[in-house]
Ligand code: NAD
């Protein structure tokens, strides 16, 4: 039978497994298997040929037991409601695991931003907020950037929200904003930075010397590019492989940033890096590296390629890059696979810092932010390891993903219980 790759079915399957492990109350389980609110909007945009094109957009507010819902907005041609629902569920577990006062949400618009000019993108961003403005807010639901959206798009969206909500203080409605409109220092690389702190802790667990480690990164966007620069900068590691949607490149002696950027800007892909060996995205995942960082899209390591992964550690910086079948194979092979909602939670923690600063009107320095982020990430990692130890003590060796689920689901369920939801 073909492996189930619908991201929402995967998210539900993961929750079901965690619910079994922790004997979750059946009412809580029922509430948590589906989103609380799904919004579906249509956004007309006048395009450069003067014709109107109607885009479909979504916002899924999965669970708000722990606070206002929080999650990014994606602009992607292959966006589906099931992907958005899965990502909203994962945001719920991510904020709970991180111990920040938010629930989970996600948004998306079916569009191809690579084919749109700035004016069309601005109109689409503003249209999205006009359609959804009543349902979001600093105390309700707080969007942020995700795949193919960026700080400029957040600034347009915030500006539109100021109109919709008639306020001169719209800043807390959206995070990942440019610094000029009260974004936070450190937000742009917070996802990768948080992932680096987890990588550092996991390397201690596995006895990997990061200075001599070979790293492969899939994706050269916000998450992937910073994972590349920070692993070199913080630990002196060698990044031997990197890719984008067109393909990847391998160089055993380590890839050079300037040459990567040159290949990307002159040819549109890092694949054309001068002096490396070209490889496909599939080959990159299976290449000779100690640590593999998937930082692009979901369903990359599946039942069909998991047994060929050579890395000792998989650091899931992307959302949903490992399917449940692959998860089991990696676990059996003793590959230390660290789950997305732990590894990439630095993004939402950075967003939380931005929201706190916006609401307090007082802004922090970068070193303060990095110290705080490190403390949050290190705490999540050690709590996850504690739970694994507890289960192991009872003769049940569970994955880092399941240990993280147990913590997160327990927190959301306890909040729902205290609020009288079941
Ligand atoms: P991005 O749009 O900046 O970059 C995406 C990268 O993936 C690009 O390099 C693109 O070329 C590459 N890509 C696209 N399709 C691909 C394919 N089929 N195979 C290989 N590479 C492909 O996006 P991002 O913000 O870096 O997000 C990447 C992942 O990290 C996503 O799963 C996202 O949900 C997750 N994430 C990002 C953040 C954040 O703060 N940016 C936070 C949490 C999670």
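Just so you know, all these numbers are worked out from the coordinates, no wet-lab data involved. The model shown is predicted, which means the values in this text are computed figures rather than measured ones. Cβ atoms come from the backbone with ideal geometry, glycine included; neighbour counts cover every protein chain shown.
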Which of 91, 116 has the fewest Cβ neighbours within 10 Å, and the rest in rising order: 116, 91
Helix-only mean residue ellipticity at 222 nm for the chain, each DSSP H run of n ≥ 4 adding -39500 (n - 2.57), per residue, nearest 500: -14500 deg cm²/dmol
Cα convex hull of the chain - mean projected area over all directions, nm²: 20.5
Whole-angstrom gap from the range 2-30 to the range 44-83, using each part's C-alpha centre: 25
Between the range 271-344 and the range 197-225, the Cα center-to-center distance that results, in Å: 12
Three principal axis lengths of the range 288-350 [C-alpha, angstrom, descending]: 34, 20, 17
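Using a 10 Å cut-off around each Cβ, can you sort 52, 109, 217 from fewest to most neighbouring Cβ atoms?
Numbers: 52 8, 109 25, 217 31.
In order of increasing Cβ crowding within 10 Å: 52, 109, 217.
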Dimensionless Rg ratio for the range 141-246, taking C-alpha atoms and the 2.2 N^0.38 Å reference: 1.34
Principal axis dimensions, largest first and in whole angstrom, of the range 112-200 by Cα: 44, 34, 23
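Based on the mean of other Cβ atoms within 10 Å per residue, sort peptides 297-309, 391-403 so the most packed one is first.
The most tightly packed comes first, giving 297-309, 391-403.
Normalised by the empirical 2.2 N^0.38 Å for globular proteins, what value does the Cα Rg of the range 14-95 take?
Values: Rg = 16.5 Å, N = 82, 2.2 N^0.38 = 11.7 Å.
It is 1.40.
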Residue 253 paired with residue 288, simple spin-label distance in nm, labels 7 Å along Cα-to-beta-carbon: 1.6
Mean Cβ count within 10 Å, highest first, over the residues of peptides 81-89, 321-329: 81-89, 321-329
Sorted by Cβ density within 10 Å, fewest first, the residues 264, 106: 264, 106
Rounded FRET efficiency, nearest 0.05, which uses the C-beta distance separating residue 308 from residue 417 and R0 of 41 Å: 0.40
Cα-Cα P(r), the range 323-422, percent of pairs per 10 Å interval: 13, 34, 32, 17, 4
Relative contact order for the chain, counting Cα pairs under 8 Å that sit 6 or more residues apart, in percent: 16
Label point at residue 386 placed 7 Å out along Cα→Cβ; residues across the range 393-422 whose backbone nitrogen lies under 12 Å: 407
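Provide the percentage of antiparallel DSSP beta bridges, counting only those with both residues in the range 36-150; round to the nearest 5. Don't jump to the answer; show the numbers that get you there.
Details: 17 of 28 bridges.
Antiparallel: roughly 60 percent of the beta bridges in the range 36-150.
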Rel. contact order, % - alpha carbon contacts under 8 angstrom, at least six apart, the range 1-76: 22
Considering only the chain, percent of DSSP beta bridges that pair antiparallel, nearest 5: 50
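Applying a 10 Å radius around every beta-carbon, put 164-176, 239-251, 343-355 in order of their mean neighbour count, most first. All intermediate terms of the calculation are to be shown ahead of the outcome.
Values: 164-176: 20.0, 239-251: 22.5, 343-355: 27.9.
Per-residue mean Cβ counts within 10 Å order the peptides as 343-355, 239-251, 164-176.
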